[in-house]
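*Asks:* I am attaching a structure below and will ask some questions about it afterwards.
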Amino acid sequence: MSVSYTLQLPFPSRIFPSRRNSIDRRLVNLQILHSSNESEQHTENDRNSRSQDQVILVERYGSGTIKRYVLEDDDLQIRAFLEKNDPTSKDSKGSHLSDPKLSWLPPILKEFILPAGFPGSVSDDYLQYMLLQFPTNVTGWICHTIVTSSLLKACESNSGHYPYLGIDLRDCLRRWVSKDGIGAVGRLFIGGRFGNLFDDDPKQWRMYADFIGSAGSIFDLTTQVYPAYFLPLASLGNLAKAVARGLKDPSFRVIQNHFAISGNLGEVAAKEEVWEVTAQLLGLSLGILILDTPGSYPVLVSTWACMRLFHLWLRYLSLSALRFNMINLKRARILVQSHVLHSRVPGCNDCNRDENILSWQRFIKPRIIFGVPVEEMLGGGRSVSTLKTLLRIYAREKYVLMVNQQRKDFEVFVSFKAGATSVSVLRSVWQTYWLHENLNVSEDLFDQLAKSLPRMDERFDEFIKQLDKSGWDIHQINLRVPKEISIDECLV
């Protein structure tokens, strides 16, 4: 439906020239004439006439509605056309205030569950991730309900079936609190020892958190079979789940920061709580229904196992939907390999899709070991000539790279000089992949190391330009330089 408003305005003739010289310039009132037309033919005529008139202002509303202010031929009247949102129109597709995929959703609900300005205020992968995250959280709370039921039954068994142990309700509560205290040590250890891991690969550590949490739940389920060992089993379970939480929380903070492209991290976190609490209520309700269904302990464990596997699969899908534009070591390997082999780099979507969330760096080929002592790089010896040759080859670089000649498969050692940066790490990865593709075992190794550097200099600037054109954030290369060992060259 099209609604038009005709506004008769007191425009001075010096601003808008007119043939009506008799109009009072002191006129300050507006005559507003309202007309409504539901005919499709009339709407089309309005659009044709608007194309001939001059559009001086367009208002866009959060609901997708558009209001156009058109200056008519006589230059004295402005007509306002109110148009409802049409998901198929170009204006709707170009608007950052509405999303055609959610046009069916009531505006009040959309504002309740999504950040303001969606989809323009968050990254492109936000909605897909949240839609997959919701059933993941539901299945997680179902598993939590089943596990908690087993713990409570184990406590009941301790109190009721082992009276000779002198266990009463207060002792059961002490055991319950004790397991929580022992589990908290896990979070303390993770935060203090491995705090630098999560920025590099949040997807991997978020996935590992669910694996470790699943292992902890197995200990909790076992307490119902061995209630006399409630404290050690429950403590091990809580320790594992605390370690999982220590991995989960920092990783998810990095993911939330990735979503908040408009600096709205607080709002993104708040809306995530809305999704999480809704999933929690639904998961707890379904979990209670499962517990109310008659069944033996093996049936309950089988239900938990099936639900947990489904949960892990959904978690993997949700993490695979993330599309980071920052370069970590895994994505750097994919980008460098593509450039060395094909002289091009994949975009963010293709690279994130090819990234293996579960793989460890030590198992990725070719193998690169960073932060190696010089003595180990020289093969356990202290050859002065070898060391001088390496320092001469890498005089202009902030790192020293050496191929491990004691292994049959290809492996390189990399040591970094003082002042090395993330770009230095990226250059060492590029050189590694070039050597992996072009190394000839029949030729002198040092000659090939020296040959690889000019090749890298010729193509590395082009590589960076391609990264920038493909949408990668070349100012946020998240490749950590090992701080344990660094090389300081001394002039003799």
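*Asks:* Quick one: Karplus J couplings for segment 478-489, per residue in order, coefficients 6.51, -1.76, 1.60, θ = phi - 60°, nearest Hz, x for Gly and Pro?
*Replies:* 8, 10, 7, 7, x, 9, 5, 9, 9, 9, 10, 7
*Asks:* To continue, here is another question. Taking R0 as 51 Å, what's the FRET efficiency between LYS483 and TYR229 from their Cβ-Cβ distance, rounded to 0.05?
*Replies:* So the FRET efficiency works out to roughly 0.75.
*Asks:* SER422 versus LEU286, label points 7 Å from Cα toward the beta carbon: distance in nm?
*Replies:* The two pseudo-label positions are separated by 3.8 nm.
*Asks:* For a footprinting-style exposure proxy, rank TRP104, TRP313, TRP275 by other Cβ within 10 Å, fewest first.
*Replies:* Placing the least packed residue first, the sequence is TRP104, TRP313, TRP275.
*Asks:* Also: Quick one: 3J(HN,Hα) in Hz for segment 206-217, Karplus 6.51/-1.76/1.60 with θ = phi - 60°, rounded, Gly and Pro as x.
*Replies:* With the stated coefficients, segment 206-217 comes to 5, 6, 5, 4, 5, 5, 5, x, 5, 5, x, 5 Hz.
*Asks:* Related question: Run the simple label-point estimate for LEU152 and TYR69 please: 7 Å along Cα→C-beta, distance reported in nm.
*Replies:* 6.2 nm
*Asks:* Can you pull out the trypsin sites (Lys or Arg not before Pro) in segment 385-492 whose DSSP state is coil and whose Cβ has at most 11 other Cβ atoms within 10 Å?
*Replies:* Listed in order of number, the matching sites are ARG396, ARG407, LYS408, LYS483.
*Asks:* So if I take the centroid of the Cα atoms in segment 389-465 and the same for segment 471-485, what is the distance between those two points in Å?
*Replies:* Centre-to-centre (Cα) distance: 17 Å.
*Asks:* May I pose another question? Expressed in nm to one decimal, what extension gain is obtained for the pair LEU439 and ALA116 from 0.36 nm per residue of sequence separation less their Cα-Cα distance?
*Replies:* 110.9 nm
*Asks:* Using 0.36 nm per residue of separation minus the Cα-Cα distance, give me the extension gain between TRP360 and PHE410 in nm, one decimal.
*Replies:* Working it through step by step, the gained length comes to 16.3 nm.
*Asks:* Can you pick out the pairs among LYS388/LYS417; LYS67/LYS271; LYS248/LYS271 whose Cα atoms lie more than 20 Å from each other?
*Replies:* Pairs exceeding the cut-off: LYS67/LYS271.
Only the coordinates and a few stated rules stand behind these numbers; no lab work does. Only a predicted model underlies this, so the values are computations on that prediction, with no experimental measurement involved. Counting neighbours? That spans all protein chains shown, and the Cβs are built from the backbone with ideal geometry, glycine included.
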